[in-house]
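Heads up, the thing below is written out as structure tokens.
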Amino acid sequence: MMGELIVRNLLHRPLRTLIGVMAVAVEVALVVLIVGLTSGLLTETAKRIEGIGADIMLQPPAASIFLGFSGSPMPIKIGGKLAELKYVQAVAPALLQFNSTGGVDVVYGIDRDSFRTVSGGFVFLEGHDMEGPDDLLVDDWAAKAKHIKVGDTYNLLNHDWHVAAIIEHGKGARLFVPLATLQDLVGARDKASIFLIKCTRPEHTEDVMDQIRHDLPGYTVRPLKDFLSLMTSTNIPGLQTFINAMIALAISIGLLVIFLTMYTTVIERTRDIGVLKSLGADQSFIVRALLTESAALCVFGILAGVGLSYAVRAAFLAGFPTLSILITPGWILRAAGIALAGAIFGASYPAWMASRKDAVEALSYD
Amino acid sequence: MGIAATIRAPAEGLFFQGKKSVEPILKTENLWKLYRAGKVDVPALRGVNFEVQPGESVAVMGPSGCGKSSLLYVIGGLAQASRGKVLVDGNDLTSLSDAARTKLRRHKIGFVFQRFNLLPTLTAKGNIAIAQFIHGDGFDPHRFEVVTQMLGLAGRLHHKPSELSGGEQQRVAIARAIINEPKILLADEPTGNLDSKNSEVVLQMLRQLNKDLGQTIVMITHNPEATTYFDRVVHMRDGIIVDGVPAD
């Protein structure tokens, strides 16, 4: 009976119900998408870096795990020293350059041969490896997003490049150019942003890292297999605060709309509340009815919000194929829990107000 | 100090053959009800003494503002008395908390209002069933069928209040009020919003409930003709009962 009462009440004012549902849907979608976008980008970036195939990455002192934002590059001759270390099979220098023209990218300047040794080489979907100084390798996702084909001329960093190949994604960057050309282009001759190190065996990684720490104190040494665990929002300064602020904003939207919806509901149903009291409904019945109604509205909002999240993700990915939005069951459940708690909290005052209404006054309400 | 007036007891054997009881089902003693208007207390009831026997039907008449509705709300436990006693089936409402009065109302009182007061979102069936739900014993299909058949609602149960005539709405309200077999049915001008034909139907049904099922009824009315359906008529004025005479 309570279920019938709630469903019929929700259907009685379809527009108001729809607004409430949409508010919760937006709340849920905001939480799911903001977290999905940040964690998706971080995870995808980390997977690409792990996918290079090296065992260790060396960066300058105090370097960020966001590779494109790292500071002054290191002398290329460090690579020679690294190659002499015990258990080191190969060392590949790379100069990383942040590019914001035509999208946000980190361009890898690589030495073709050493990068191939360290990473095991690219998988070529079309075209051939770097041969000339202006050859550009583009991964399949970037090629799709930027509509690039093999043989095209592509302007990057104010330089015209010849698209030599479309490669399979997952090897660190989406755009690769010859190291020497990039060094000249950005004025970093004989410099490298990172060194990728391949050990003779993976179990020698710790030994090699210890040697590097000893020989190059202060430099940042990271095992690539741990990159995924490092790429979290808590490790990025300010990111977690931003996410929390966005979640708080989303909760506020849902809470305020639910509050307003239930408040107007209670005012509109003043007489009905008086009737229920005349029938012997106690305060807990009134509170339960309104909170359950709010929760039911919220459940519809959660379902709509999950659908909206997937729809927005599909739309984003259609427009921006290089984006990665990670929608996880864990965060859907968390967003649902947050929305449900917000809906119950938002409806609490109106429900309490309704339960305290004087029955006689309520019955004479017009 | 209020003016108390005790209604005249009905002549033995005249109205309640076979129904006489040693204990009244409803009794008020020096009942006062004050409403706060700004800084002034306005008395709505000023020392009402009133008794209703089980199975009796009583009509309360009086001009607007004489305290009829206040009396109904206080004896129904919807409003708290300011002074005096209200005994419903032996329970003193004035000594009960709001929660206890609500519980007593749930089990012993049924209300019928002038404006029907059906829940607009529910069907006729839902409006009746919700009373059973609140009562706590769940839906009793047999009782439901008996009541709806008796009130001629069988074909209208799936309609919402907005799809029912005034007479039908009031019959649904009566069904809702009696579905849990309350000790007392309190009706606040139940024919006030009805035309004469529907008024007669509703009054006949109330009389049928009283005569056939022994339902105790207290009804407020402005309509002198309506009182002819009741065992006894009580007149109120200025918050007191001025007399209590058997109906013709």
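Since every read-out is calculated from the coordinates, none of them should be taken as a lab result. Just so you know, these numbers come straight off a predicted model, no measurement behind them. Because the Cβ atoms are built from the backbone with ideal geometry, glycine has one as well, and the counts that use them run over all protein chains shown.
Among the residues of segment A:214-245, how many are surrounded by 14 or more Cβ atoms within 10 Å (Cβ to Cβ) and under 13 Å from residue A:58 (Cβ atoms)?
Qualifying residue count for the region: 7.
Please go through segment A:117-154 and give me each residue that is outside any loop (DSSP other than H, G, I, E, B), under 17 Å from residue A:96 (Cα atoms) and not aliphatic (A, V, I, L, M), ordered by number.
Passing the criteria: A:119, A:135, A:139.
For segment A:179-197, which residues satisfy the criterion of being surrounded by fewer than 22 Cβ atoms within 10 Å (Cβ to Cβ) and of a type outside the set (Asp, Glu)?
A:180, A:181, A:183, A:185, A:186, A:187, A:188, A:189, A:191
Kindly indicate which of B:173, B:177 is in a helix (DSSP H, G or I), in contact (Cβ under 8 Å) with a residue 12 or more places away in the chain, farther than 12 Å from residue B:60 by Cα and in contact with a Gly (Cβ under 6 Å, 6 or more places away or on another chain).
When all the criteria are applied, what remains is B:177.
Tell me yes or no: at least one residue of segment A:68-83 is more than 14 Å from every other protein chain (Cβ to nearest Cβ), within 23 Å of the chain's Cα centre (by Cα) and either closer than 24 Å to residue A:207 by Cα or part of a helix (DSSP H, G or I) (or both).
There is at least one residue in segment A:68-83 that is more than 14 Å from every other protein chain (Cβ to nearest Cβ), within 23 Å of the chain's Cα centre (by Cα) and either closer than 24 Å to residue A:207 by Cα or part of a helix (DSSP H, G or I) (or both).
Would you mind stating whether residue A:275 is within 14 Å of chain B (Cβ to nearest Cβ), among the hydrophobic types (A, V, I, L, M, F, W, C) and touching a Ser or Thr at 6+ places or on another chain (Cβ under 7 Å)?
So residue A:275 fails the test.
Name every residue in segment B:138-161 that is within 12 Å of another protein chain (Cβ to nearest Cβ) and assigned to a loop (DSSP other than H, G, I, E, B), in order of residue number.
B:138, B:139, B:160
Name the one entry in A:285, A:316, A:300 that is within 14 Å of chain B (Cβ to nearest Cβ), surrounded by fewer than 23 Cβ atoms within 10 Å (Cβ to Cβ) and among the hydrophobic types (A, V, I, L, M, F, W, C).
Residue meeting the stated conditions: A:285.
Output the residues belonging to segment A:88-116 that are of a type in the set (Asp, Glu), in contact with a helix residue (DSSP H, G or I) (Cβ under 8 Å, 6 or more places away or on another chain) and not in a strand (DSSP E or B).
Once the filter is applied, which keeps residues that are of a type in the set (Asp, Glu), in contact with a helix residue (DSSP H, G or I) (Cβ under 8 Å, 6 or more places away or on another chain) and not in a strand (DSSP E or B), segment A:88-116 yields only A:111.
Give, as residue ranges, the helices (runs of 4 or more DSSP H) completely inside segment A:278-366 that count at least 1 residues that are under 20 Å from the mean Cα position of the chain (by Cα).
Fully inside segment A:278-366 and qualifying: A:283-319, A:329-355.
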